[in-house]
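Engineer: Below are the structure tokens for one structure; questions will follow.
Read-outs: derived from the displayed coordinates by stated rules, not from any lab. Small disclaimer: the values here were computed from a predicted structure and weren't measured. Counting neighbours? That spans all protein chains shown, and the Cβs are built from the backbone with ideal geometry, glycine included.
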Amino acid sequence: DIQMTQSPSSLSASVGDRVTITCRASQGISNYLAWFQQKPGKAPKSLIYAIFNLQNGVPSRFSGSGSGTDFTLTISSLQPEDFATYFCLQYSTYPWTFGQGTKVEI
Amino acid sequence: QVQLVESGGGVVQPGRSLRLSCAASGFTFSNYAIHWVRQAPGKGLEWVAVMSFDGNNEFYADSVKGRFTISRDNPKNTLYLQMNSLRLEDTAVYYCARDQVVYAIRGPFDYWGQGTLITVSS
């Protein structure tokens, strides 16, 4: 199975900060990398697919980058509604695997 | 609007069976693959299974292969997950999620249901 390693596991930030979360795959996954946001007690929300493509309705302060095995989710200016846990997903090879999550806290 | 609504959750003893349902609306269900994803309490997300739009292809995580069976009834706009030989470690919220590509299993997910909780306990 492809292992997805996210870092950091948690971070503290303030409104307006630029936040970067990284995800490393244990082998190359081409562009089959997605990001999700989850708030406590809620279902995950799809943010980004194919490394950098925003899902409909996702604010432009979210962006994705990377290639091969190393990928990044960036929030350019953190907003109050962005405090949540973020997960990456590789969908290159079965079984699809998620990173362990990064909790963004105030 | 696209909606996915899971049902069938509850408390079940180890070794017993349970069937989850995922009722879809707001889109042409028969055009999309649908996935099951689960989340143990306080833990991360785990992809469980997927069935193609036409029911001809299905894939499973190793942790559930041979115990869980995914199926769908396109006229009823419903996806199912038959879970047999349940284990303590199957305790989780189970989400169904739509594959975002029509007529294929390409991924990732674009819409998620709200989830249903399965608790396996003696």
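Engineer: Which of the residues spanning segment A:74-91 are within 14 Å of chain B (Cβ to nearest Cβ), of a type in the set (A, V, I, L, M, F, W, C) and out of contact with any Cys (no Cβ under 7 Å at 6 or more places or on another chain)?
Structural biologist: A:84, A:87, A:89 - these are the residues of segment A:74-91 that are within 14 Å of chain B (Cβ to nearest Cβ), of a type in the set (A, V, I, L, M, F, W, C) and out of contact with any Cys (no Cβ under 7 Å at 6 or more places or on another chain).
Engineer: Same structure again: Would you kindly identify the strands (runs of 3 or more DSSP E) lying entirely within segment B:11-92 that contain at least 1 residues that are surrounded by fewer than 19 Cβ atoms within 10 Å (Cβ to Cβ) and among the small types (Gly, Ala, Ser)?
Structural biologist: B:18-25, B:68-73
Engineer: For residue A:63, indicate whether it is away from chain B (no Cβ under 13 Å), surrounded by fewer than 14 Cβ atoms within 10 Å (Cβ to Cβ) and hydroxyl-bearing (Ser, Thr, Tyr).
Structural biologist: Judged against the criteria, residue A:63 is not a match.
Engineer: Applying the selection to segment A:34-47, what residues are among the aliphatic types (A, V, I, L, M) and more than 9 Å from every other protein chain (Cβ to nearest Cβ)?
Structural biologist: Once the filter is applied, which keeps residues that are among the aliphatic types (A, V, I, L, M) and more than 9 Å from every other protein chain (Cβ to nearest Cβ), segment A:34-47 yields only A:47.
Engineer: Pairs please, first residue from segment B:98-122 and more than 7 Å from chain A (Cβ to nearest Cβ), second anywhere and basic (Lys, Arg) and buried (at least 22 other Cβ atoms within 10 Å of the Cβ), Cβ atoms under 6 Å, 6+ apart in sequence or on different chains.
Structural biologist: Taking only residues 6 or more apart or on different chains, the pairs are B:111/B:98.
Engineer: Restricting to strands (runs of 3 or more DSSP E) lying wholly in segment A:1-97: which have 1 or more residues that are on the phi > 0 side of the Ramachandran plot and within 12 Å of the chain's Cα centre (by Cα)?
Structural biologist: Of the strands (runs of 3 or more DSSP E) lying wholly inside segment A:1-97, those with at least 1 residues that are on the phi > 0 side of the Ramachandran plot and within 12 Å of the chain's Cα centre (by Cα) span A:62-67.
Engineer: Within 11 Å of chain B (Cβ to nearest Cβ), within 20 Å of residue B:49 (Cα to Cα) and touching a residue at least 12 places away in the same chain (Cβ under 8 Å): does that describe residue A:94? Quick ask: steps written out before the conclusion?
Structural biologist: Values: within 11 Å of chain B (Cβ to nearest Cβ): yes; within 20 Å of residue B:49 (Cα to Cα): yes; touching a residue at least 12 places away in the same chain (Cβ under 8 Å): no.
Answer is no for this residue.
Engineer: Do you know which of the residues in segment B:39-57 that are of a type outside the set (Asp, Glu) and under 12 Å from the mean Cα position of the chain (by Cα) is farthest from residue B:109 (Cα to Cα)?
Structural biologist: It comes out as B:39.
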